[in-house]
Amino acid sequence: MQLLPRSRGAQRTFPLRAHGLLPTYLARNAVWRVARLLDLVGGEVIVPAYHHGVEIAALLHAGVAVSFARVDGAARLDLEDVEARIGPRTRALYLIHYAGFPQDTDAAVGLVRRHGLKLIEDCALALFSRDGARPLGSAGDAAVFCFYKTLPVAHGGALVVKSPLVAFAPGEPPVAPALAATLSHAVGSMLVTGERTLGAAGARLRGLARTTARGGRAWARHLDVAVGTQGLDPAALGLGMSALMRWVVDRTDAEAVVRARRANWLALHAQLGRPERAVWNRLPDGVCPLFYGVRVDDKARALARLAGDGIQAIDFWNRGHESLDAAAYPEARELRRSVVELPCHQDLGPEEVLRVAQSARRALEA
Ligand SMILES: Cc1ncc(COP(=O)(O)O)c(C=O)c1O
């Protein structure tokens, strides 16, 4: 079910048909491009102290300096702190919408207008998410997206630039990735899905495919560029998105993805019954949650307990970029110390969500 294309019905959901959409291999490739397209090179961009790390590396690699701004304990960017950091070299604000939950975009737009700056929205964790009726990524001068974090594709990100003239300005177009590597990932994803949906027969099929395809996969891996990595590989920054992955993304029923993720998030929230532990304890209209963020006292223990129950929870951002002075941003440091991602993705059914909630409740009591 995961990789089978859904109806073409909802393919117009932003950003899939956005003017000025440039598909890339990874979201970091889009960050690297936007620095040049918006003429930020040699200047400074204000970025949140709570970040993944690789988006900062991509900006630095493009020749942009960064200044870190405070993020509060509820993961909201402090726009007063942003304003205080604006200096003669500042050219843009880099706004991250965490896990699909919107920052105060109107206030950010107002701030950049007042100061003649550009606004970049990082929607790597916020594909298909909206702030009420407005899609995240549609208010700034540019936005970056990641497809593979939300959808079952082997790779894929995108850059959306408001002025299409800028998006199609001369520059090196993205280079297609190796087809063998793409196919290897795609088949792997399909086989994992087969195992989940066909049970024992699916597992046998996967085992057989694993044995017979070992040689082929080794060859494909040789050509492969990993996704989901913390470190920046400058050699991969020019890579684009394969036509196959674009085809899958274009056929995604985005509204169905949003509905399923919202339903799972709400069920998890109710069944977990610990709203005081939720990083975002409400699900505003339009939000497409990437995961359910929960604060734990001891991450390693909580993750081990969840893993013991077969739940793949993720340690969310325990380290930022090496240039960040973490001690200067205690709230962001606390988020890094405590936040765990619980899954709420579209392929989880009600029983699976209940299992996640029960296991998480036990982990919180531990
Ligand atoms: C906020 C944010 N921006 C950008 C990226 C880069 O995404 P990608 O791995 O597609 O390059 C990530 C990766 O996790 C991220 O969390």
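The values are calculated or read from the model by the stated rules, or taken from the named source; none is laboratory data. Since this is a predicted model, take the numbers as computed values, not measurements. Here the Cβ positions follow ideal geometry from the backbone for every residue, glycine too, while neighbour counts run over all protein chains shown. The protein model used for the area step is the full one, side chains on, heavy atoms only, and it has no ligands, DNA or RNA in it. Shrake-Rupley method; radii C 1.70, N 1.55, O 1.52, S 1.80 Å.
For the pair Arg362 and Arg319, label points projected 7 Å from Cα toward Cβ lie 3.1 nm apart.
For the pair Ala65 and Ala107, the difference between a 0.36 nm per residue extended length and the Cα-Cα distance amounts to 12.8 nm. Computed extension gain for Arg282 through Ala176, at 0.36 nm per residue and net of the alpha carbon distance, reaches 34.1 nm. Computed over protein heavy atoms with a 1.4 Å probe, the accessible surface of segment 254-365 works out to 47 Å² per residue.
If r is the Cβ-Cβ distance from Ala256 to Val41 and R0 is 41 Å, what FRET efficiency results, to the nearest 0.05?
Values: r = 40 Å, r/R0 = 0.98.
Approximately 0.55, to the nearest 0.05.
Partners of Lys118 within straight-line reach, counting lysines whose Cα lies under 19 Å from its Cα and excluding those fewer than 8 residues away in the same chain: Lys162. As a fraction of the 1.4 Å probe accessible area of segment 254-365, surface on carbon and sulfur atoms comes out at 49 percent.
Tally Lys/Arg at +1 and Asp/Glu at -1 over every other residue whose Cβ is under 13 Å from the Cβ of His51; what's the total?
+2
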